[in-house]
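Heads up: the structure comes next, in structure tokens.
The values are calculated or read from the model by the stated rules, or taken from the named source; none is laboratory data. What you see is a predicted model, and the numbers here were worked out from it, not measured in a lab. Here the Cβ is made from the backbone with ideal geometry for all residues, glycine too, and neighbour counts use every protein chain on show.
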Amino acid sequence: MNDSAPAQLPLALKSAPKPTGDIWEPSTTHPATVPVPLPIVMVRVEGAFTALDRKLWLLMLHNAWDELDSDKPYHEISVADLLRLFRKFGRTDLGTRGKVRIGKTDEDTEAAALWDSVRRLVKTTVEWEDEEYQGISALVSEALLSKRYRETGKIYYAFGKGLSKQILAPRAFARLRCHVVLALRSKYAVTLYEILEAYVNRRESGFTVSIEDFRSWLKVPEGAYAEWKDFKRNVILPAVNEINEHGEEGGFIVAYEGLREGKSYASIKFTLTKMAARDDRDAMLQGKAKRARSYDAPPVAAGAAYEPSDAVLEQVRVIAPSWDRQGLLAQYREWSRGKAPANNPHGAFLGWVKRFTKKKAAA
């Protein structure tokens, strides 16, 4: 992170954050989530930290959470269970037999891609720096990779005490939805989703970041997509579209806008809108009364027609690019006539647009 990165999130927590849900059973009503400190989300990380590595690390963390403050030397997680879960989200290749580097030799093993990911995580580090603590930690401090351990069908791994402390008592964190991360395919979509989760609970409903910093967060190779039109087409747009495809599961939708300084694009503005169900669930997790809704939109009075803001209409263009926005608005007003007013009018409208257009496309 840098000076433009967020400070402590404005959450009035009554206790330390904890995971929710079951990583092995995807659920829309009780999603599996993990609170992850911002230095990990915002890529203060040295190492490959690929999309697969991010996904595997989240699952390993959720699995080990209750043991993080124990004296247990290693956590364990089933390779077969991991492979079944990844297959549910389209990764059918991870169980393939292949070579894994163990010491100075290559060994033939099952689920080679998974074991390679474990190796990378041990070599990946994150830096911590704030008023109270400075340090560096490996994302996984140790993993047992020798043949006799691999043949047990389990991954034995450990998180260092320093990392465990930062995870259990984060100064600022993002609550990541494990199965949303698993569903995302693009490496840029995975990273962007995690970054957006760091902002979605903030009252500002979005953020602006310089293109230089954003490229660093997403680890875009130096020199790649140097022109704004190429960067937008190959990095931003595919990632945003993929995240919005999973807006129902993730609980929010994102829109973006390139901002110029002079003749050149210099920064990007992201605007987030939470779905009503997500807003209510987050309020419950935070132990608070219902908080201000996205865009500070008041509930629609009984009998009054819903009026979207310009930002919401822009998001409709992103969600349903080939649809007439005013036509969708008219159909939504007709559909919602006589129904109880939504507490989060913008989120309710955007959620309806996504469901309606998806249903029509499938017809």
Scanning for something part of a strand (DSSP E or B), without any contact (Cβ under 8 Å) to a residue 60 or more places away in the chain and touching an Asp or Glu at 6+ places or on another chain (Cβ under 6 Å), does segment 93-104 turn up at least one residue? yes
Can you tell me which residue is surrounded by the most Cβ atoms within 10 Å (Cβ to Cβ) among those in segment 161-182 that are in contact with a helix residue (DSSP H, G or I) (Cβ under 7 Å, 6 or more places away or on another chain) and small (G, A, S)? A174
Collect the residues in segment 33-68 that are over 30 Å from F214 (Cβ atoms) and either of a type in the set (A, V, I, L, M, F, W, C) or touching a helix residue (DSSP H, G or I) at 6+ places or on another chain (Cβ under 6 Å) (or both), keeping them in residue-number order. A64, W65, L68
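Condition check ((1) out of contact with any Pro (no Cβ under 6 Å at 6 or more places or on another chain); (2) under 22 Å from A51 (Cβ atoms); (3) not small (G, A, S)) across all residues:
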position: Y188; (1), (2), (3): yes, yes, yes
position: T208; (1), (2), (3): yes, no, yes
position: K232; (1), (2), (3): yes, yes, yes
position: L237; (1), (2), (3): yes, yes, yes
position: N241; (1), (2), (3): yes, yes, yes
position: A255; (1), (2), (3): yes, no, no
position: F270; (1), (2), (3): yes, yes, yes
position: T273; (1), (2), (3): yes, no, yes
Would you please name the residue that is surrounded by the fewest Cβ atoms within 10 Å (Cβ to Cβ), looking only at residues in segment 150-160 that are without any contact (Cβ under 8 Å) to a residue 40 or more places away in the chain and over 16 Å from K123 (Cα atoms)? E151
Being at pLDDT below 90 and among the polar types (S, T, N, Q) is the filter; apply it to segment 28-44 and report the residue that is surrounded by the fewest Cβ atoms within 10 Å (Cβ to Cβ). T29
Report, by residue number, each residue of segment 45-76 that is surrounded by fewer than 20 Cβ atoms within 10 Å (Cβ to Cβ) and either in a loop (DSSP other than H, G, I, E, B) or without any contact (Cβ under 8 Å) to a residue 12 or more places away in the chain (or both). G47, A48, T50, D66, E67, L68, D69, S70, D71, K72, P73, Y74
When the residues of segment 222-281 are filtered to those that are acidic (D, E) and assigned to a strand (DSSP E or B), which remaining residue is farthest from A348 (Cα to Cα)? E261
